[in-house]
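Chemist: Input: one structure, supplied below.
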Amino acid sequence: MHDMSAHAVGHGAPTSFIRKHVFSLDHKVIGKQYYALALLAALVGMFLSWLMRIHLGFGSFAIPGLHLLSKTGAPGDVMTPEYYLQLMTMHGTIMVFFVLTTAPFAAFGNFFLPIQVGAEDMPFPHFNMMSFWVTFVGFLFLAASFFTGSGPTLGGWTQYAPLSAVGDAGGPGQGLGVVLWATSIGLFCIGQLLGALNFITTTLDMRCKGMSLMRLPLTAWGWFITSIMGLTAFAVLMPACILLILDHVAGTSFFVPSNLVINDQVLPHSGGSTLLWQHLFWFFGHPEVYIAIVPGMGIVSHILVTNMRRPMLSHRVLIYSMGALALLSYMVYGHHMFVSGMNPVSSLAFSFPTLVITIPSTIIVLIWLGSLYGARLRINSASLFSLAFISMFISGGVSGFFLAQPSIDIMLHATYFVVGHFHLVMGVAAMFGIFAGTYFWFPKMAGRMMNETLGKVHFWMSFVGAYCIFMPFHYLGIAGNVRRYQAFTDDYLIPLVPVHKFITIAALFTGLAQLIFLYNLIHSRFKGAIPPNDNPWEGTSLEWSTATPPVHNNFGDKMPVVYHDPYQYSVEGASSDYVMQTSPEKINSPDEEK
Amino acid sequence: MATTVHEPPQIEPERLPSHGSGNGGWRNLVPAGGGLRRVKDSSPPPASTGIWVIMASITMTFAAFTSALIVRQGGATDWRHFTLPPVLYLNTLVIIAGSVTLEVARRRIAAFMGGVQDQSKDQASPARWLYVTLCLGLLFVAGQTLAWMQLRSQGFGLASNVSYSFFYVLTVAHAFHVFGGLGGLVRVIRKLHCGVLRRSSLDATARYWHFMGVLWLYLLLLLWMKL
């Protein structure tokens, strides 16, 4: 029987350590590898944010040992203005690409998508393995820039031209640092394209008997929609990175204009378009927001349904709304460029779909809230973080209404208001989605339960801490606090310094909570309680039909057959509180697709 | 290189759910309460879907390059027009010929798989046409290399002007993707000789190869109009 299953999955169970844990073809191992990479990247990103916040709150404060990270960037353990910008750039890049994209999409998606659709693996396991390792090498390229002569790039995670394309004349890290950055992101794009290829084909072609598209859980839909976005968005960012690298290493002039003078020197470029980079970048950049958040939407919906013990108000409308978000995300990218001097008519053209995209977002939120209304929610770490996801998405989304309008955005664009907005709506919300997914699926991934008490402590510290950090950002922005400044010495900014001190303390407090999570994760991996059965949350989807943790080909010698829609809870007349998708029990559910 | 194929390569029979990961199909609902009905697999095999996904991704990449060219040229005062190296037109014929030979190979192998082989023809011919396609593909890449060398010998390198930059970027990116097609062809030939060749793999490779041809025609038109 083992041989049969090995044949069906396309690759046999690995026997050596290297094939089992390093260059594995198993989607579950690849998912865990992605999770580990995201965890490492998140720790690095959080550490960088601590350094930045300490500098912003207590500017002249010497951070012991900082000079070890960079002698030129932190002489006397106090960071230079340039080094602040370098850390800020790396924080943004690491968090957006290697955490927010990697964890909810690549990590959880890899582990659970094939299981949830009833497949034994992804159809192209070698591409899947390459996907992770190319991404990992990309991360190494980015990390390597910390150890080059002038350090990493300081141009921000958006790498606006011409600063990103002028080379060393642009400041520390603008030569080799940018080349490493662009190479890293280019590799990341290739990795995610390979991943998207597998996700799409898995969803369309690998579903088990009875698993129609509408019987897919909301998580699978989230990953499927995200993979389509990734396929189109990363395919655009990669050429942009190639052109940027060529401007550096081949002397081309794609992005650097004529007669650009830096430090009294005329740069040897001609006629480049500074806005070209912004167009290419934001065509990727706005869908990237949804690449980060849509998997989280699927995850929290899945978790909430399981804990509410009843389906969402409308499974279909939720799916259609996520699809609408994906479609509209390509039409709104220009709202990131309102201050680029674009034609006001163009601004309106981008403003309108930006306001329209709030409609599917609002529908999704209303479905969540309407479904939660009156529900007897089971309170646990996963459901708490799911609720917090919704809270953050609403809080961050509301400020999006303001920024969607060019006349207001022009005033707020370069301020902390925008920082607060995107941190809440795509940063913290997506992180909370990751936490929710971790607490929920940890038993299936690791075969152990996480500690619930520590999970709730982690939740409350993170929830309160995140609001203490990011709500004041809006106030700072309205008060005119320009973002990306490393010090606040202007008269009108000095009164705002106490706010920055408060935010710094909140950031350190919230960071401490993440160390609790890390402890819980590692401790539970080895010492956590054994789950009482394969389905500790009494879920209905296919991952709860598998062994804990799942065997090599997921379902052993018997492939699943699906009889029901994904969320059959509290069905009248059913033999129990929930009916699993694989249960042949006949039920009379109003939600069941006929 | 004569090749004798002794028996039709194995192809997967209809993929039913009992054969490992099956296809749910778009509307293959199994009614609750038992009463399973045997459902016909209506979803395409992953290789077929996968190649469309790959082509969509490549289309987006070249769309990005194209929009970059248009935006960059739009406000440029330094744009220099030049005549494309004539060898490109010859290369165009080569890649079209490659598509034709591959299609001949694909149809013959498909007929062979279906047991509709023409006894009057040499059984080795399917593989032979694949080799011809492989050679034409390599010839195309060699021709492109010749075009790059011609331009460089005239003093027009990658950075000499942005119009040349785009020429090199687009043609090199296309050649890089053609190498992917060549790799696919080698894989098909290898499977044909000493493995199990799936019909879907053959069709996917052919589709990709034709796509490379169409993409090249598009690029040639773009370069001819803009450069």
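The values are calculated or read from the model by the stated rules, or taken from the named source; none is laboratory data. Predicted, not measured: the structure shown is a model, and the values here were computed from it. Glycine also receives a Cβ, built like all others from the backbone with ideal geometry; neighbour counts cover every protein chain displayed.
Chemist: Can you report the number of residues in region A:519-569 which are of a type in the set (A, V, I, L, M) and surrounded by 23 or more Cβ atoms within 10 Å (Cβ to Cβ)?
Modeler: Matching residues across region A:519-569 total 2.
Chemist: Please work out which one of (1) out of contact with any helix residue (DSSP H, G or I) (no Cβ under 6 Å at 6 or more places or on another chain); (2) buried (at least 18 other Cβ atoms within 10 Å of the Cβ); (3) away from chain A (no Cβ under 14 Å) is the condition residue B:153 fails and give its number.
Modeler: Against the list (1) out of contact with any helix residue (DSSP H, G or I) (no Cβ under 6 Å at 6 or more places or on another chain); (2) buried (at least 18 other Cβ atoms within 10 Å of the Cβ); (3) away from chain A (no Cβ under 14 Å), residue B:153 comes up short only on (2).
Chemist: Next question, about the same structure. Here are some residues: A:271, A:285, A:251. Which one is closer than 19 Å to residue A:179 by Cα and not hydroxyl-bearing (Ser, Thr, Tyr)?
Modeler: Of the residues listed, the single one that is closer than 19 Å to residue A:179 by Cα and not hydroxyl-bearing (Ser, Thr, Tyr) is A:251.
Chemist: Give just the number: which of (1) on the phi > 0 side of the Ramachandran plot; (2) among the small types (Gly, Ala, Ser); (3) touching a His at 6+ places or on another chain (Cβ under 8 Å) does residue A:74 not satisfy?
Modeler: Residue A:74 satisfies all of (1) on the phi > 0 side of the Ramachandran plot; (2) among the small types (Gly, Ala, Ser); (3) touching a His at 6+ places or on another chain (Cβ under 8 Å) except (1).
Chemist: Follow-up. Does residue A:236 satisfy the condition of being among the β-branched types (Val, Ile, Thr), in a helix (DSSP H, G or I), surrounded by 24 or more Cβ atoms within 10 Å (Cβ to Cβ) and at the interface with another protein chain (Cβ under 9 Å from one of its Cβ atoms)?
Modeler: For residue A:236, the condition - among the β-branched types (Val, Ile, Thr), in a helix (DSSP H, G or I), surrounded by 24 or more Cβ atoms within 10 Å (Cβ to Cβ) and at the interface with another protein chain (Cβ under 9 Å from one of its Cβ atoms) - is met.
Chemist: Got a sec? Which of A:187, A:180 is in contact with a Pro (Cβ under 9 Å, 6 or more places away or on another chain), among the aliphatic types (A, V, I, L, M) and assigned to a helix (DSSP H, G or I)?
Modeler: A:180
Chemist: Same structure, new question: Taking the condition outside any helix (DSSP H, G or I), modelled with pLDDT of 50 or more and facing another protein chain (nearest Cβ under 9 Å), does residue B:44 pass?
Modeler: yes
Chemist: While we're looking at this one, here's another question. Testing residue A:251 on (1) at the interface with chain B (Cβ under 7 Å from one of its Cβ atoms); (2) modelled with pLDDT under 95; (3) surrounded by 24 or more Cβ atoms within 10 Å (Cβ to Cβ), one condition comes back false. Which one is that?
Modeler: Every condition holds for residue A:251 apart from (3).
Chemist: For residue A:188, work out the one condition from (1) more than 9 Å from chain B (Cβ to nearest Cβ); (2) touching a Leu at 6+ places or on another chain (Cβ under 6 Å) it doesn't fulfil.
Modeler: Against the list (1) more than 9 Å from chain B (Cβ to nearest Cβ); (2) touching a Leu at 6+ places or on another chain (Cβ under 6 Å), residue A:188 comes up short only on (2).
Chemist: Residue check: is residue A:141 among the hydrophobic types (A, V, I, L, M, F, W, C), surrounded by fewer than 20 Cβ atoms within 10 Å (Cβ to Cβ) and within 26 Å of residue A:291 (Cα to Cα)?
Modeler: Criteria met by residue A:141.
Chemist: Answer yes if at least one residue in region A:65-86 is buried (at least 21 other Cβ atoms within 10 Å of the Cβ), touching a residue at least 24 places away in the same chain (Cβ under 8 Å) and of a type in the set (Phe, Trp, Tyr), and no otherwise.
Modeler: Checked against the condition, which is being buried (at least 21 other Cβ atoms within 10 Å of the Cβ), touching a residue at least 24 places away in the same chain (Cβ under 8 Å) and of a type in the set (Phe, Trp, Tyr), region A:65-86 yields at least one hit.
Chemist: So if I check each of A:325, A:355, which one is at pLDDT 90 or above, more than 15 Å from residue A:221 (Cβ to Cβ) and not β-branched (Val, Ile, Thr)?
Modeler: A:355 is the lone residue from the list that is at pLDDT 90 or above, more than 15 Å from residue A:221 (Cβ to Cβ) and not β-branched (Val, Ile, Thr).
Chemist: Let me ask you something else. Testing residue A:562 on (1) out of contact with any Lys or Arg (no Cβ under 9 Å at 6 or more places or on another chain); (2) within 12 Å of chain B (Cβ to nearest Cβ), one condition comes back false. Which one is that?
Modeler: (1)
Chemist: For region A:169-190, which residues satisfy the criterion of being under 28 Å from residue A:121 (Cβ atoms) and surrounded by 24 or more Cβ atoms within 10 Å (Cβ to Cβ)?
Modeler: A:188, A:189
Chemist: Sticking with this one: Are any residues in region A:26-64 without any contact (Cβ under 8 Å) to a residue 12 or more places away in the chain, aromatic (Phe, Trp, Tyr) and closer than 19 Å to residue A:292 by Cα, and if so, which ones?
Modeler: none
Chemist: Among the residues of region B:142-166, write down those that are farther than 18 Å from residue A:249 by Cβ, of a type outside the set (Gly, Ala, Ser) and assigned to a helix (DSSP H, G or I).
Modeler: B:144, B:145, B:146, B:149, B:150, B:151
Chemist: When the residues of region B:71-92 are filtered to those that are within 7 Å of chain A (Cβ to nearest Cβ) and part of a loop (DSSP other than H, G, I, E, B), which remaining residue is nearest to residue B:142 (Cα to Cα)?
Modeler: B:78
Chemist: Since residue A:264 meets every condition but one in (1) at positive phi; (2) within 11 Å of chain B (Cβ to nearest Cβ); (3) without any contact (Cβ under 8 Å) to a residue 12 or more places away in the chain, which condition does it not meet?
Modeler: Against the list (1) at positive phi; (2) within 11 Å of chain B (Cβ to nearest Cβ); (3) without any contact (Cβ under 8 Å) to a residue 12 or more places away in the chain, residue A:264 comes up short only on (2).
Chemist: Filter the helices (runs of 4 or more DSSP H) completely within region A:20-107 down to those with at least 3 residues that are at pLDDT 95 or above.
Modeler: A:27-57, A:81-93
Let's see how each residue does on (1) buried (at least 20 other Cβ atoms within 10 Å of the Cβ); (2) part of a helix (DSSP H, G or I); (3) touching a residue at least 12 places away in the same chain (Cβ under 8 Å); (4) not aliphatic (A, V, I, L, M):
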{"residue": "A:322", "(1), (2), (3), (4)": "yes, yes, yes, no"}
{"residue": "A:339", "(1), (2), (3), (4)": "no, yes, yes, no"}
{"residue": "A:351", "(1), (2), (3), (4)": "yes, yes, yes, yes"}
{"residue": "A:375", "(1), (2), (3), (4)": "no, no, yes, no"}
{"residue": "A:383", "(1), (2), (3), (4)": "yes, yes, yes, yes"}
{"residue": "A:409", "(1), (2), (3), (4)": "yes, yes, yes, yes"}
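Chemist: Go through the residues of region A:512-519 one by one and say whether even a single one is over 26 Å from residue A:382 (Cβ atoms), in contact with a helix residue (DSSP H, G or I) (Cβ under 9 Å, 6 or more places away or on another chain) and in a helix (DSSP H, G or I).
Modeler: No, region A:512-519 contains no residue that is over 26 Å from residue A:382 (Cβ atoms), in contact with a helix residue (DSSP H, G or I) (Cβ under 9 Å, 6 or more places away or on another chain) and in a helix (DSSP H, G or I).
Chemist: For residues that are touching a Ser or Thr at 6+ places or on another chain (Cβ under 6 Å) and closer than 27 Å to residue B:152 by Cα, tally how many sit in region B:72-117.
Modeler: 4
Chemist: Oh, and also: Which of the residues spanning region A:333-357 are out of contact with any Phe, Trp or Tyr (no Cβ under 6 Å at 6 or more places or on another chain) and either charged (D, E, K, R) or within 19 Å of residue A:397 (Cβ to Cβ) (or both)?
Modeler: Across region A:333-357, the qualifying residues are A:338, A:350, A:351, A:352, A:353, A:354, A:355, A:356, A:357.
Chemist: Let me ask something else. With A:219, A:201 as the choices, which residue is more than 20 Å from residue B:62 (Cβ to Cβ), within 13 Å of chain B (Cβ to nearest Cβ) and touching a residue at least 12 places away in the same chain (Cβ under 8 Å)?
Modeler: A:201
Chemist: Do we find a residue being buried (at least 19 other Cβ atoms within 10 Å of the Cβ) and more than 28 Å from residue A:521 (Cβ to Cβ) anywhere in region A:94-107?
Modeler: No, every residue in region A:94-107 fails to be buried (at least 19 other Cβ atoms within 10 Å of the Cβ) and more than 28 Å from residue A:521 (Cβ to Cβ).
Chemist: Can you go through A:316, A:310 and tell me which one is part of a loop (DSSP other than H, G, I, E, B) and either without any contact (Cβ under 8 Å) to a residue 40 or more places away in the chain or more than 9 Å from chain B (Cβ to nearest Cβ) (or both)?
Modeler: On inspection, the qualifying residue turns out to be A:310.
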